[in-house]
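Asks: Just passing along the structure, written as structure tokens.
The values are calculated or read from the model by the stated rules, or taken from the named source; none is laboratory data. What you are looking at is a predicted structure, and each value in this text was computed from that prediction instead of being measured. Every residue, glycine as well, gets a Cβ built from its backbone with ideal geometry; the counts of neighbours run over all protein chains shown. What goes into the accessible areas is simple: the full protein's heavy atoms, side chains included, and nothing from ligands, DNA or RNA. Shrake-Rupley method; radii C 1.70, N 1.55, O 1.52, S 1.80 Å.
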Amino acid sequence: MNRRRVQTIATLGVISFGVAACALPADDPDPPLLACNRPSVDELESTIDDATAWLGRSQQPDGTYWYEYDRAADEFSDDYNDVRHAGTTMSLYQVAAAYPDDDRGPEALRLADEALGYIALGSYEADDRVAFVGQSSRADLGSTALAVAGLVHRRLATGDERFDDVLASMGRFMQSLMRDDGGMWGWASRATLEPIEGQTSTFYTGEAFWAFGLLANQFPDDGWDDSARAVGTYIATERDREEEIENPPLADQ
């Protein structure tokens, strides 16, 4: 990517853990492992505040975020990525769930709920399944999986159960993309939400595993743990080989 282009899509995992810098001797061919300088809690929380404010400034009236900015041309890109919209919205709901009792949480919740409107408008239903399709020509597994993760964190933040039926329908959509070996097809038809067999994604399977695990924790009697275990086993034993990862294991999302 052109260095002058800046993406405004971020995830809490990157934001909250920060970057730890280690100084290694430049002339030592086999340097020892050194403890990194770890940011303090105050520094991490300041980063979360700055990132939340940044996403708030980038949010548009329809709930989307400015996705990419070209500094040389002083222009925002018309391109958009619905998977990253869902992931960014999830990160804001994570902030809301982590900080329900101070100003940080309510502001993140407000922004995430604005973004949820875009997800709702871009969601499609077929039979008993729902998928967040957005602007894509196909239904991406990753978009729905991260939408599920976001809604679960919204439930944790607010105790609001109004989206429980939507979560179950999105979970059933994800299950419809599962294979017998626990692997997952990455896309489905936009019109029918039927899986497009033969096409997989390096990252969507891990995002679905995350979503299934969250569903299992919230709804322990609904069988989501079976899906989580099947997909988790596939990721641990088969995914890197099937996706032909050059230097396994893949650092999963």
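Asks: List the residues, sorted by chain then number, that are 5 or more residues from E68 or on another chain and whose placed amide H is less than 5 Å from its amide H.
Replies: Those lying under 5 Å, H to H, from E68 are T8, S77.
Asks: Separation between the D62 and D101 pseudo-spin-labels, each 7 Å from Cα along Cα→Cβ, expressed in nm?
Replies: 4.0 nm
Asks: Let me ask something additional. Would you calculate the separation in nanometres between label points at D50 and D165, each defined as 7 Å from the Cα along the Cα-to-beta-carbon direction?
Replies: Calculated label separation equals 4.4 nm.
Asks: Residues with beta-carbon under 13 Å from that of D78, excluding D78: net charge, scoring Lys, Arg +1 and Asp, Glu -1?
Replies: It works out to a net charge of -4.
Asks: Still on this structure, I have one more. Got a sec? What order do F203, F212 fall in by accessible area at 1.4 Å, biggest, i.e. largest, first?
Replies: Listed by decreasing accessible area, they come as F203, F212.
Asks: With springs only between Cα atoms under 10 Å, which of A96, A72, A236 fluctuates most in a Gaussian network model of the chain?
Replies: Maximum fluctuation in the GNM of the chain, among the listed residues, is at A72.
Asks: In a Gaussian network model over the chain where Cα atoms closer than 10 Å are linked, find which of N37, N217, N81 has the largest mean-square fluctuation.
Replies: Of the options given, N37 has the highest mean-square fluctuation.
Asks: Compute, for region 155-229, the length of the dipole vector about the Cα centre, with Cβ point charges of +1 (Lys, Arg) and -1 (Asp, Glu) only. Units Debye, rounded to 20.
Replies: It comes to approximately 240 debye.
Asks: Is there a quick way to get the dipole size of the chain? I mean about its Cα centre, with the Cβ of Lys and Arg at +1 and of Asp and Glu at -1; what is the value in debye to the nearest 20?
Replies: 300 debye
Asks: Could you work out the relative contact order of the chain, using alpha carbon pairs under 8 angstrom and six or more residues apart, expressed as a whole percent?
Replies: 14 percent
Asks: Cα centroids of region 174-253 and region 48-118: how far apart, whole angstrom?
Replies: Using only Cα atoms, the two centres lie 26 Å from each other.
Asks: Given R₀ = 35 Å, what would the calculated FRET efficiency be for N217 paired with N37, taking r from the Cβ atoms and rounding to 0.05?
Replies: 0.55
Asks: Would you mind calculating the gained length between R71 and T202 on full extension (0.36 nm times residue separation, minus the Cα-Cα distance), in nm to one decimal?
Replies: 44.1 nm is the gain from fully extending R71 to T202.
Asks: May I pose another question? Before rounding to the nearest 500, sum -39500 (n - 2.57) across all DSSP H runs of length at least 4 in the chain and divide by the residue total; then give [θ] at 222 nm in deg cm²/dmol.
Replies: Computed mean residue ellipticity for the chain: -15000 deg cm²/dmol.
Asks: Just to be sure I understand, if you calculate mean projected area of the Cα convex hull in nm² for this structure, which of (i) 16.6; (ii) 13.2; (iii) 14.0 do you get?
Replies: (i)
Asks: Along the positive direction of the dipole of the chain (beta-carbon charges: Lys, Arg +1; Asp, Glu -1; about the Cα centre), which of Y234, A191, G171 reaches farthest?
Replies: Of the candidates, A191 comes out farthest on the positive side.
Asks: Rounded to the nearest 0.05, what FRET efficiency do D113 and R241 give with R0 = 51 Å and r taken as the Cβ-Cβ distance? Could you check?
Replies: 0.80
Asks: Using Cα pairs closer than 8 Å and at least 6 residues apart in sequence, work out the relative contact order for region 46-196, in percent.
Replies: 21 percent
Asks: Of Y93, Y69, W224, whose Cα points farthest to the positive end of the dipole of the chain (charges on the beta-carbon: +1 Lys, Arg; -1 Asp, Glu; origin at the Cα centre)?
Replies: So the residue furthest toward the plus end is Y69.
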